[in-house]
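The values are calculated or read from the model by the stated rules, or taken from the named source; none is laboratory data. From a predicted model like this one, the values you see are computed outputs, not experimental measurements. Cβ: placed from backbone, ideal geometry, glycine included. Neighbour counts: every protein chain shown. When the accessible area is computed, the model is the full protein with side chains, heavy atoms only, and any ligands, DNA or RNA have been set aside. Shrake-Rupley method; radii C 1.70, N 1.55, O 1.52, S 1.80 Å.
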Amino acid sequence: GRDNVLTVTLERDRLIFKKLQLTSLQEVGCIDFKDIENGLRKGVAQRYLNQITGSKTYRLYLCLPSARMLRKQLRLPMAAEENIRQTLTFELDRQTPFKPDQLYFDYKVLDRLQAEQLLLVELIVFPKDIVEDHIRQAAVLGLPITAAVLEQDIVQEGDRSPNFLPALMHPKPSRR
């Protein structure tokens, strides 16, 4: 899950593009929008992205600001694995200061502790307004986002990174 992966980080007046290498992300370009009118930014972003990718297919991952997320390790009963997303939704009220409808979350199963019949799970949570604002900015620029991730996770996990893109926006698999 590392081939043809690009990331884009949205900063105040900049876009930073990076390509996923074996163990790191390498910057492949940056657009500074300070002197570019709002109405022209989409075209500039599109041309720049085409220039970076050429005719190759790629997956573009939107990197979210890690300063705005919460990570927490939880121990859950092994039986919770069947309905882990539902179980974690119930845990959001107890584990965060937010209501579940104010958040996007994903998780990673870190370990299965067979002797104790427990799952060690990392819960990763973002406020919805942060994720939706970044997705909206990417859409305004015409960026074809495949996932919304944390930069450090994409390096470690590749395509298995926790994804905060709302389920309705996930790309549809090709029929080919």
Notebook entry, point to check: Counting only protein heavy atoms, what percent of the accessible surface of the stretch 10-118 is carbon or sulfur at a 1.4 Å probe?
Noted result: 47 percent
Check: Taking a spot 7 Å from the Cα of residue 84 along the direction of its beta carbon, which residues of the stretch 107-145 have an amide N less than 15 Å from it?
Finding: 107-114, 117-125
Check: Angle between the Cα long axis of helix 128-140 and the longest principal axis of the chain, 0 to 90 degrees, nearest 10?
Finding: 30 degrees
Check: At residue 32 and residue 160, where each label point lies 7 Å from the Cα along Cα→Cβ, what is the point-to-point distance in nanometres?
Finding: 4.0 nm
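What percent do you get for the relative contact order of the chain when only Cα pairs under 8 Å and 6+ apart count?
Values: 270 pairs, mean separation 42.6, N = 176.
Answer for the chain is 24 percent.
So which GluC sites (Glu not before Pro) in the stretch 34-131 end up in coil per DSSP with only 14 or fewer other C-beta atoms within 10 Å?
Numbers: sites: 37, 81, 82, 91, 116, 122; in loops: 37, 116.
Hits after loop and neighbour filter: 37, 116.
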Item checked: Accessible area of the stretch 1-141 divided out per residue, in Å², using a probe of 1.4 angstrom -> 60 Å²
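Seen from all sides and averaged, what is the projected area of the convex hull of the Cα atoms in the stretch 1-81, in nm²?
Working: hull surface 33.0 nm².
Averaging across all directions leaves 8.2 nm² for the Cα convex hull.
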Margin query: Using +1 at the C-beta of Lys and Arg and -1 at the C-beta of Asp and Glu, which of 20, 78, 90 has the Cα lying farthest in the positive direction of the dipole of the chain?
Written below: 20
Next item on the list: Measure nothing but the geometry: give the 0 to 90° angle between the long axis through the Cα atoms of 38-53 and the longest principal axis through the Cα atoms of the chain, rounded to 10°.
Entry: 80 degrees
